[in-house]
1. Would you mind calculating the gained length between Asn65 and Gln124 on full extension (0.36 nm times residue separation, minus the Cα-Cα distance), in nm to one decimal?
2. Report relative contact order for the range 27-128 in percent, whole number only (criteria: Cα-Cα under 8 Å, sequence separation at least 6).
3. Multiplying the sequence separation of Val54 and Thr37 by 0.36 nm and subtracting their Cα-Cα distance, what value in nm do you get?
4. By average Cβ neighbour count within 10 Å, what is the ranking of 64-72, 112-120 from highest down?
5. Evaluate the charge dipole of the range 27-128 about its Cα centre and quote only its size in Debye, nearest 20, assuming +1 on the Cβ of each Lys and Arg and -1 on the Cβ of each Asp and Glu.
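Here, each number is a calculation from the coordinates, and none is a lab measurement. Note that this is a predicted model, so its numbers are computed, not measured. Every residue, glycine among them, receives a Cβ derived from its backbone with ideal geometry; neighbour counts consider all protein chains shown.
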Amino acid sequence: MKKSFISKVVVGSSLLGAFGLGIVAEAGQTYTNYSTTVGRLNGSGYTSYQTKSVSGQKADVYLANNGGYKVDVRTNSRDGSSGEWSRGLTAGSRRQLTNGHNKGSKVRLHFSNNITTRVNTQAQGNWRSN
């Protein structure tokens, strides 16, 4: 009887802890899907904003598709600051984006096509600002 009660308490506590962590996770730590049109001839495309959770921590990005074209990406914040460009992403690419954004900043991804890309492309995947 004691063993059964202790098992229930341990399992219940574990479930409560797991659900509790999910509730308090900030948007910047959660992967968000994106789909954005990136303009032709060095055009740009942007995701929606996320709130940065940890100052200076690299953002994670996964590019699932861009119509067979390479694309460049960096982070960009509402205050006008930008991270470093990561060049030449192709479908299936994962990158960590270096940036200096502060905790609490509203951050988004900024995509750019090459100057030689003659068509608009559709960048799709997921990302988190951390």
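1. Values: separation 59, 0.36 × 59 = 21.24 nm, distance 0.53 nm.
Gain on stretching Asn65 to Gln124: 20.7 nm.
2. Reported relative contact order: 46 percent.
3. Taking Val54 through Thr37 to full extension adds about 3.3 nm, to one decimal.
4. Details: 64-72: 16.9, 112-120: 15.1.
Those peptides, ordered most packed to least, come out 64-72, 112-120.
5. 40 debye
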